[in-house]
Amino acid sequence: MIRKYVYGTPYPTGTCVIDVPVSNDKPEELEVCCGESGLVFTRMLDRDDIIFGLGENVRGINKRGFVYRSWNSDNEKETEGMTSLYSSHNFLVFSGKNGCFGVFFDDPSDFVFDLGYTDPDKAVMTSRFGDLEVYIITGDGPSDVVKEFRKLIGRSYIPPKWAFGYIQSRFGDVSEDSINEALDEYGRLGMPVDSFCIDIDGLDEFQNFTWHRENFKNPEKFVKEKLEQGIHLIPIVDVAIRKDENPYYISGKAADAFCKGPCGEEFIGYVWPGRCVFPDYFKKSAREWFGHNYQEYLRMGVHGFWNDMNEPSVFASEHGFKRVAELADRTDKNYSFFGFGELKNISALLYDEERDTENFCHEIDGKLVENKRVHNLYGAYMARAADAGFREYNPDMRFLLFSRSSCIGSHRYTGVWLGDNQAWWSCLLLNLKMLPSMNMCGYLFTGADIGGFNENTTDELMLRWLQLGVFTPLMRNHSAWGTRKQELFRFKYRDAMVKTVRIRYALIPYIYSEFVKAAMRNECMFRPLAFDYPSDGRAMRIEDQLMLGGECMIAPVYEPNARGRYVYLPEDMLMVRMRDSDDYDLIRMPAGDHWIELKTEELAFFIRKNCAIPFAKSAERVDRIDYSSLEMTGWCEAPYSYELYNDDGLTNNVGENFVTKLEYTDK
Ligand code: MIG
């Protein structure tokens, strides 16, 4: 059951697809009052209550014990102390002996979740402006509550099937040559690959919808040639447009598509291409104008994109420059120790996103609205702009899109990558923990930068991270300029890495099937064990294993120098320990605790007893996977019938009619 409450004057976010009548009573689950910092929702917590949700955020699957803030920002480092990342996903599930319910705060602005941080026995959730809709969802346990919520927000985005292949990416030196070199090396090693990303260094002076003149001599021909090899190119699209006489600025200006300052003047900020303006995605006409800009790419055969910098990220603003110059002028000119320190601090103010976007407005229903009122929707609306462009080009086709910033609602239009992480073991584990939380909030097509974006990765970290990446719908290896190069052929452990990617391709029929079924049925592809084993006290609090689809459990190694790990099996399971797509052990294991031996080049996952899943032969590209030779693997005392979903992988013709049954019985 869903109840809806309205506070203040909410901005119509377009997040929900079901019209829920407004309740006249007060919510019994939350106490509501006006506080100094905004409208406050409080919930007393039992010591054993668990709180799930919040999508892309730091710390545990159980969010209890820390403070989180919904304020999309370009944070650069995903450390434990951060309170907000690139996205805002205001959905929580409270679960404990006093029952289970979900709450969704449909608030596009500043929102703070103090979940037992200030007071361990209280969840205090504050909306700064108090203009919001609150949905309370009740049901039989977390799975049921999440399903109801997902119905409310509409079906999750489904990318084309080729997007489930391995994606190679690198910020720093992308060119026709670098892509060809990697493709050759991978081909030589027998490694599958489907796509290459093109980062901003592949653009002309970092400008959207262009190609770097030196690095891409003949883009049209190059795209065509790669498509013939079965390879997709995925260019980046940033938010901002350079303010000079380029065609995008000129046409955008003519369409009145850019954000304004409070007096109606153009808002100017500095980002990668220099002095830039920002499209006002809140306006339908601006979305259509921006979306239209993808046309040329689409016509060339570029059918995948990643939208970046859309929190929005602003390096500096014009008024920020002025402020810094004034403050610097006022410092002690002897530059004593303190004077120097002060100057240093002042220049750091140049990069102050929150202040830089202070004067940033959007036109909503003909009125200028300050960004801070609707801040978290900016990136979500950019996804809608891209989608409008895709629909204009071809309404029947699926295109790949993954965004850095998001807000619940954009899950219908885009996937999300989990932002700039580090080549740290802690980020591998964080990647795992974010998966179920993302799914609860509607984001199914998601994954982290495998190997780590910032900092230098290692052979072992890369390999262990790939072993998790085998299961994430978005499987992209990406890293930052200046860091150690991360294409797999560069590593000493490359053979094991290649085999790991081959395992991915062998499992794609299963992964794709579970993904689309989860989208169609409003379910989570990845779940905390607590969702599936609600009466198992051990399973309830497990933070380093996940349920995957209807049949599996994953338990990756996330520590260095390990030769195995402990795994808790809530029921009897079949362990699949794999070295290559056709080299694995099947071990039947009873429920309980186990030490699992896993050499560096081995990964393990588990199939529930009395279930079976299909394995394919690996293939060089997703569309070369042979579905006629799938083999079922399982441990079944009774016959099991697996529901395999498969479709053309390219059109929007998606539906339950593409489910077939694969039967399995133990021989
Ligand atoms: O300010 O395009 O998160 O994936 O490589 C950094 C360059 C801009 C941030 C993205 C990252 C991308 C990088 N971008």
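Values for this structure:
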item: Selection within segment 409-423 - in a loop (DSSP other than H, G, I, E, B), touching a Gly at 6+ places or on another chain (Cβ under 8 Å) and within 16 Å of the ligand (Cβ to nearest atom); result: 418, 421, 423
item: Which numbered condition residue 350 misses (of (1) of a type in the set (A, V, I, L, M, F, W, C); (2) in a loop (DSSP other than H, G, I, E, B); (3) within 27 Å of the chain's Cα centre (by Cα)); result: (3)
item: Failed item in (1) within 29 Å of the chain's Cα centre (by Cα); (2) over 14 Å from residue 112 (Cα atoms); (3) part of a strand (DSSP E or B), with residue 33 passing the rest; result: (1)
item: The one condition in (1) over 30 Å from residue 15 (Cβ atoms); (2) outside any loop (DSSP other than H, G, I, E, B); (3) within 16 Å of the ligand (Cβ to nearest atom) that residue 174 fails to fulfil; result: (2)
item: Residue that is touching a residue at least 24 places away in the same chain (Cβ under 8 Å) and within 16 Å of the ligand (Cβ to nearest atom), where the choices are 258, 315; result: 315
item: Segment 81-97, residues that are over 18 Å from the mean Cα position of the chain (by Cα) and assigned to a loop (DSSP other than H, G, I, E, B); result: 81, 97
item: Filter result for the condition that a residue is more than 16 Å from the ligand (Cβ to nearest atom), out of contact with any Phe, Trp or Tyr (no Cβ under 7 Å at 6 or more places or on another chain) and farther than 23 Å from residue 479 by Cβ, over 184, 244; result: 244
item: Where a residue in segment 297-309 is within 12 Å of residue 232 (Cβ to Cβ) and its partner, wherever it lies, is in a strand (DSSP E or B) and away from the ligand (no atom under 16 Å from the Cβ), with Cβ under 7 Å and at least six apart; result: 303/232; 304/232
item: Residue in segment 461-476 that is surrounded by fewer than 22 Cβ atoms within 10 Å (Cβ to Cβ) and modelled with pLDDT of 95 or more present; result: yes
item: Matching residues in segment 269-312 - criterion: being surrounded by 21 or more Cβ atoms within 10 Å (Cβ to Cβ), assigned to a strand (DSSP E or B), more than 16 Å from the ligand (Cβ to nearest atom) and over 23 Å from the mean Cα position of the chain (by Cα); result: 277
item: Looking only at segment 201-241, and only at residues there that are within 16 Å of the ligand (Cβ to nearest atom) and β-branched (Val, Ile, Thr), the one that is nearest to residue 476 (Cα to Cα); result: 234
item: Candidate set: segment 436-450, residues that are among the hydrophobic types (A, V, I, L, M, F, W, C) and within 16 Å of the ligand (Cβ to nearest atom); chosen: the one nearest to residue 154 (Cα to Cα); result: 448
item: Failed item, numbered, when residue 74 is tested on (1) more than 16 Å from the ligand (Cβ to nearest atom); (2) touching a residue at least 60 places away in the same chain (Cβ under 8 Å); result: (1)
item: Strands (runs of 3 or more DSSP E) contained entirely in segment 579-667, each with at least 3 residues that are aromatic (Phe, Trp, Tyr) and touching a residue at least 24 places away in the same chain (Cβ under 8 Å); result: 640-645
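Table: residues versus (1) under 30 Å from residue 625 (Cβ atoms); (2) away from the ligand (no atom under 16 Å from the Cβ); (3) of a type in the set (Phe, Trp, Tyr); (4) modelled with pLDDT of 95 or more.
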| residue | (1), (2), (3), (4) |
| --- | --- |
| 113 | no, yes, yes, yes |
| 126 | no, yes, no, yes |
| 133 | no, yes, no, yes |
| 139 | no, yes, no, yes |
| 155 | yes, yes, no, yes |
| 178 | yes, no, no, yes |
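Residue-wise test of (1) within 16 Å of the ligand (Cβ to nearest atom); (2) at pLDDT below 95; (3) more than 21 Å from residue 526 (Cα to Cα).
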site: 353; (1), (2), (3): yes, yes, yes
site: 358; (1), (2), (3): no, yes, yes
site: 362; (1), (2), (3): no, no, yes
site: 366; (1), (2), (3): no, yes, yes
site: 373; (1), (2), (3): no, no, yes
site: 387; (1), (2), (3): no, no, yes
site: 407; (1), (2), (3): no, no, no
site: 430; (1), (2), (3): yes, no, no
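Conditions tested, residue by residue: (1) farther than 27 Å from residue 286 by Cα; (2) not aliphatic (A, V, I, L, M).
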{"position": "206", "(1), (2)": "no, yes"}
{"position": "212", "(1), (2)": "no, yes"}
{"position": "216", "(1), (2)": "yes, yes"}
{"position": "221", "(1), (2)": "yes, yes"}
{"position": "227", "(1), (2)": "yes, no"}
{"position": "239", "(1), (2)": "no, no"}
{"position": "244", "(1), (2)": "no, yes"}
{"position": "252", "(1), (2)": "no, yes"}
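The values are calculated or read from the model by the stated rules, or taken from the named source; none is laboratory data. Fair warning: this is a prediction, and the values are worked out from it, not measured in the lab. Heads up, the Cβs are rebuilt from the backbone with ideal geometry, glycines too, and the neighbour counts pull from every protein chain shown.
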